[in-house]
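Nothing in this text is a laboratory measurement; each read-out follows from the coordinates by a stated rule. Everything quoted here is computed from the prediction, not taken from an experiment. No Cβ is skipped: glycine too gets one built from the backbone with ideal geometry, and neighbour counts run over all protein chains shown.
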Amino acid sequence: MLLHKLVRYLALGMLTTAWLASCTGGSENEGGDPTGEEEGGEGGTDGGSGGTKAGSGGSSSGSGGSLPGTGGSFPGTGASAGSGGSIGGSGGSFPGTGGDAGQGGNPVAGEFGTECTGPDDCNSKICVQVGNSKSLLQICSQACSENTPCPTGAHCVNIDPLGPLCVPDRDSPCSVCSKDTDCLNKGDRCLASGTGQTYCAQDCSVDSSCPAGYECKPPPGALQGIKVCTLLTGTECPCAPNRDKTQRACVKKVGDKVCGGFEICNGSIGAYEGCSAPDPAPEVCDGKDNDCDGKTDNPLNATCQCSGGTCTLQCQLGFVRYPLTLPESEGCPCMLDAGEPDKGSTCTTALNVTEIADVGSKDAVSISGTLSSDEDVDWYKISIKDNPEVNTNTYHARIAFEVNPGNEFVFQVLRGADCTQEGVAPLLTSYDVCVNFQKDVGGVFKGLKTCAPDQPNVPQCQNMGAVYLIKVSRNPTAATKSCSKYTLKFQGNAGPCDEASFDACGEQFGPKLP
C-alpha cells in the first residue's frame, strides 16, 4: 500500500510540473523547448513571440505565431507561437516541438506581409499586388487610415479600387532611382534633393506620416491630393545599404580656392569615403589647373611661355611681380600706376595733383598709388594757396599718409618746388606748415593768427602759399614689402596749430618760413 501511494505521488508531481512548465515563456529568438517544457520565445527581428501554453507532451503540439518573423517577405510580430502541446506529461504520446515563429522569424501563411495568390490565402481576405513592373509582389494586406496606422515597417497607400492598404516599406525610402518605376512600391516618386541626389520618396497621401528627416508634401507635377515623403530642404539621403556604391559630390578647400570631386558610399559602414577632389593650389606653369578655376596655366595677371618643355612666367602689360622673392604661384599681383614708367617717376615729371587753398570750398584732396619695386618712386606736385584774410592768416598746409599699410612708405617734401633739395629733405610720414597761432619768442611774435600790414610790433601778414613737390618711396626700415596701396591727403586748412610745440607748426619738417 505504501509503495502504491508513492507511485501515485510521483505521477501527480510530474503532471503538476508539466502544467507549471506550460506557463513559462521560451527565450527570445529561439523556438520552444523540444521537450515541450517551455513556451516558444520571440522570433527574430520583429519575429513571433511565445505561445499561450506549452506542455511537455500531450495530445497535440503547438504551432507558429500569427505573424511571420524575419524569414518572411515582411517582418511581423508573433502573437501565440506554441512550443509543445496544450497539456500533457513528459511521457505523453505527442512530445512538444518548437513553434515556427520562434525559429528565426519564418513567415506564417495568411498573415500580413506573406505572399499570396488570392484572398483565400489571407486571414484578412485581402491579397493585393504591391510594387511596380520591376518588383511585382502579391501579399496579404490589411486596411489602414489616418487613425489606423500600419505595423512598423509598413506604410499606408491608396490602392485602387481597394482603398488605403498597408504595404511593406521594402527598403524603399531614399533608395537609388532615375525614374519613378525604379522605386519598389506603388505611389513612390523619384525625386531630386537640393544637393542633386535622386531618391525614392514614399507615398504619404493617406495619413501624411513620414519618417524623421522628411516632410509630406506634393511632388512636382502631382495630381491634387498626392503627397510623398520629401527630404527636408538642404538635406540629402544618408549613406546606407540601399545606396551602397553611389556617388555624391565633394570638395576640398584651401583658403578661397575650391576643387570638386566625388566620394563613394560604403553602405556597410554607412559613410562616404575617398573624395577624389585634388587639393587646390596656386596656379603655376605646369600644364595643370592647379586652382580648379577651369583654366590651365593662368597665374594671376600673367601668362605661361613654354619652350622645350620649360615654362616661364610672363606678366601681363601693366603688372609686375613684386617682391622678386614672391613665389611664381602668386603670379604678378602688382599693378603699375597709371602713366608709369614715363610719368611721375622723377622730380621734373611729377604728376600735377590739383590746387587747393586755406580758405574756400576746396581745401583738401587725396590721392592713392603703389610702388612696384624697391627702386620705384612716385612724384606729385600740388599748389596750396594762401587766400587773403583781414588781419589774420589761417594757413595750415598739411601733407600726411591717410593709408600706409605696415608703414611701408615714406615721403619727402620740397617746399617751393626746388628739385635741388631732394638730397637733403628728410623722410617723413606727415608734414605741416602752420601760421595759425601766436607766440612770443624772446620778444618776437611768431605766427600770423593776428597780423596787420605796416604796424609796429605786429607781425606782418604774409602770403604763405607755395608749390610743393612730394616724393613717395619705400621705407627702408619697413618689415614687409608688398603691393599695398598708400593714400596721401593734402590739406590747406588743417585747423589750429599745435601751440604747445612751435616746431610742429612749420620749422621742423621743411625749410624755414620766410
Roughly speaking, what is the stretch gain from Leu162 to Asp289, that is 0.36 nm per residue apart minus the C-alpha to C-alpha distance, in nm to one decimal?
-> 39.7 nm
One can check that the equivalent ellipsoid of the range 161-219, built from the alpha-carbon gyration tensor with semi-axes equal to the square roots of five times its eigenvalues, has lengths in Å, largest first, of 19, 13, 10
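Grab the Cα-Cα distance for Glu215 and Ser373, subtract it from 0.36 nm times how many residues apart they are, and report the gain in nm with one decimal.
On the way: separation 158, 0.36 × 158 = 56.88 nm, distance 6.17 nm.
Additional length available on full extension: 50.7 nm.
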What distance in nm separates the simple spin-label points at Asn387 and Phe445, each placed 7 Å from Cα in the Cβ direction?
-> 2.4 nm
Please report the relative contact order for the range 347-505, taking Cα pairs under 8 Å with a sequence separation of at least 6, and give it as a percent rounded to a whole number.
-> 38 percent
To the nearest 0.05, the calculated FRET efficiency linking Asp279 and Thr233 through their beta-carbon distance, R0 being 30 Å, is 0.45
